[in-house]
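Below you'll find the structure, written out as structure tokens, and then a few comments.
The values are calculated or read from the model by the stated rules, or taken from the named source; none is laboratory data. This is a predicted model, so every value here is computed, not measured. Cβ placement follows ideal geometry from the backbone for every residue including glycine, while neighbour counts extend to all protein chains displayed. The accessibility values were calculated without ligands, DNA or RNA, using every heavy atom of the protein model including side chains. Shrake-Rupley method; radii C 1.70, N 1.55, O 1.52, S 1.80 Å.
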Amino acid sequence: MAAPMELFCWSGGWGLPSVDLDSLAVLTYARFTGAPLKVYKITNPWRSPSGTLPALRTSHGEVISVPHKIITHLRKEKYNADYDLSARQGADTLAFMSLLEEKLLPVLIHTFWVDTKNYVEVTRKWYAEAMPFPLNFFLPGRMQRQFMERLQLLCGEHRPENEEELEKELYQEARECLTLLSQRLGSQKFFFGDAPASLDAFVFGYLAPLLQARLPSGRLQAHLRGLHNLCAYCAHILSLYFPWDGAEVPPPRQTPAGPEAEEEPYRRRNQVLSVLAGLAAMAGYALLSGIVSIQRAAPARAPGTRSLSMADEEEDE
């Protein structure tokens with residue numbers, strides 16, 4: 001019997017099953033299709049088989065870490081949310097996915113990872129509190145740099161040099177994208193009727209964190225909240241497919257077997273090793289940066305004694 005497929009993703013917060021856009025999109029697609037995944041919601045990406053989140057370990061042991069490739073693999077395993085779509089609807093899916101990638105995703109990255117108030121008070125705060133020590137000291141900053149590099153790639157070479165002009169242009173395009181999504185959805189339950197498709201998974205994965213997070217700087221969030229059909233759409237998916245994952249007080253559940261259910265001796269060992277590794281890293285940084293220096297003191301001598309070399313010189317004379 002083949003091993004079950006395992007999905008590793010960021011854990012939940014803000015009333016959502018996951019706070020990460022990509023993890024939430026993959027989780028939602030899996031719920032839409034009923035894919036039999038063993039899900040591990042973790043806060044340490046180094047415990048993922050790929051070192052990143054989300055990641056899927058297939059029944060054959062292959063590890064996939066790109067959201068689109070994860071969904072492609074699920075389709076190959078006969079869990080296809082787009083099976084009943086027409087050729088035109090398939091073309092619309094590709095067009096809207098491109099629109100999300102080019103117009104909405106850059107602003108979402110800017111909102112959560114570049115905007116100073118949002119990053120300090122919401123994003124970094126959540127990850128620093130959720131991650132284990134010592135990762136919470138340096139990993140959120142590393143993730144921010146990775147997202148800023150991703151934003152530069154998404155914006156391309158033809159972006160305005162002035163940061164204010166770039167920000168204004170990005171937010172204007174994102175508002176137009178949200179308005180277009182609202183018009184396309186209309187009064188339907190999902191974008192292509194009464195059944196969800198892959199487009200719905202990505203739209204929900206992108207919109208739900210923007211809608212749910214308590215952002216001190218929420219210009220795009222305010223525009224989204226004014227589009228009532230998109231708000232109702234997100235609430236509908238959350239209540240229908242994640243009735244307990246998005247609840248404020250989830251029901252008691254047994255601890256799952258797997259990476260999060262270590263035996264106590266191993267858990268204590270890992271905690272001790274993590275502390276030692278953190279102390280070693282901080283000590284190494286202090287030495288390399290010159291904050292702490294080690295000076296070798298001359299050994300103390302008894303009164304009236306001289307060094308061996310001086311004694312030798314006198315004997316030679």
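Of all residues in segment 223-244 being aliphatic (A, V, I, L, M) and either touching a Lys or Arg at 6+ places or on another chain (Cβ under 6 Å) or in contact (Cβ under 8 Å) with a residue 12 or more places away in the chain (or both), which is surrounded by the most Cβ atoms within 10 Å (Cβ to Cβ)?
Filtering segment 223-244 down to residues aliphatic (A, V, I, L, M) leaves 224, 227, 230, 232, 235, 237-238, 240.
Okay, now just the ones that are also either touching a Lys or Arg at 6+ places or on another chain (Cβ under 6 Å) or in contact (Cβ under 8 Å) with a residue 12 or more places away in the chain (or both), so 224, 227, 230, 237-238.
On the way: Leu224: 20, Leu227: 19, Leu230: 20, Ile237: 24, Leu238: 21.
So the residue we want is Ile237.
Can you name every one of the helices (runs of 4 or more DSSP H) wholly within segment 1-116 that holds 1 or more residues which are modelled with pLDDT of 95 or more, open to solvent by 20 Å² or more (accessible area, probe 1.4 Å) and aliphatic (A, V, I, L, M)?
On the way: elements: 21-33, 67-76, 87-99, 105-109.
In segment 1-116, 21-33, 87-99 are the helices (runs of 4 or more DSSP H) which contain 1 or more residues that are modelled with pLDDT of 95 or more, open to solvent by 20 Å² or more (accessible area, probe 1.4 Å) and aliphatic (A, V, I, L, M).
Residue under question is Ile71, and the condition is that it be in contact (Cβ under 8 Å) with a residue 40 or more places away in the chain and touching an Asp or Glu at 6+ places or on another chain (Cβ under 9 Å); does it hold? Lay out the reasoning, then the answer.
On the way: in contact (Cβ under 8 Å) with a residue 40 or more places away in the chain: yes; touching an Asp or Glu at 6+ places or on another chain (Cβ under 9 Å): no.
No.
From the list Pro196, Pro134, which one is open to solvent by less than 80 Å² (accessible area, probe 1.4 Å), closer than 28 Å to Tyr233 by Cβ and of a type outside the set (Ser, Thr, Tyr)? Show your work before the answer.
Numbers: Pro134 fails: closer than 28 Å to Tyr233 by Cβ.
So the residue among Pro196, Pro134 that is open to solvent by less than 80 Å² (accessible area, probe 1.4 Å), closer than 28 Å to Tyr233 by Cβ and of a type outside the set (Ser, Thr, Tyr) is Pro196.
In this structure, does Leu220 turn out to be in contact with a Lys or Arg (Cβ under 8 Å, 6 or more places away or on another chain), within 21 Å of Leu238 (Cα to Cα), open to solvent by less than 10 Å² (accessible area, probe 1.4 Å) and touching a residue at least 40 places away in the same chain (Cβ under 8 Å)?
Numbers: in contact with a Lys or Arg (Cβ under 8 Å, 6 or more places away or on another chain): yes; within 21 Å of Leu238 (Cα to Cα): yes; open to solvent by less than 10 Å² (accessible area, probe 1.4 Å): yes; touching a residue at least 40 places away in the same chain (Cβ under 8 Å): yes.
Answer is yes for this residue.
Please enumerate the residues belonging to segment 137-161 that are open to solvent by 100 Å² or more (accessible area, probe 1.4 Å) and either at pLDDT below 90 or in contact with a strand residue (DSSP E or B) (Cβ under 8 Å, 6 or more places away or on another chain) (or both).
Gln152, Leu153, Glu157, His158, Glu161
Which of the numbered conditions does Arg124 fail, given that it passes all the others? Conditions: (1) open to solvent by 50 Å² or more (accessible area, probe 1.4 Å); (2) in contact with a strand residue (DSSP E or B) (Cβ under 9 Å, 6 or more places away or on another chain).
(2)
I'd like to verify a number: residues in segment 162-179 that are at pLDDT below 85 and among the aliphatic types (A, V, I, L, M), how many?
Number of matching residues: 1.
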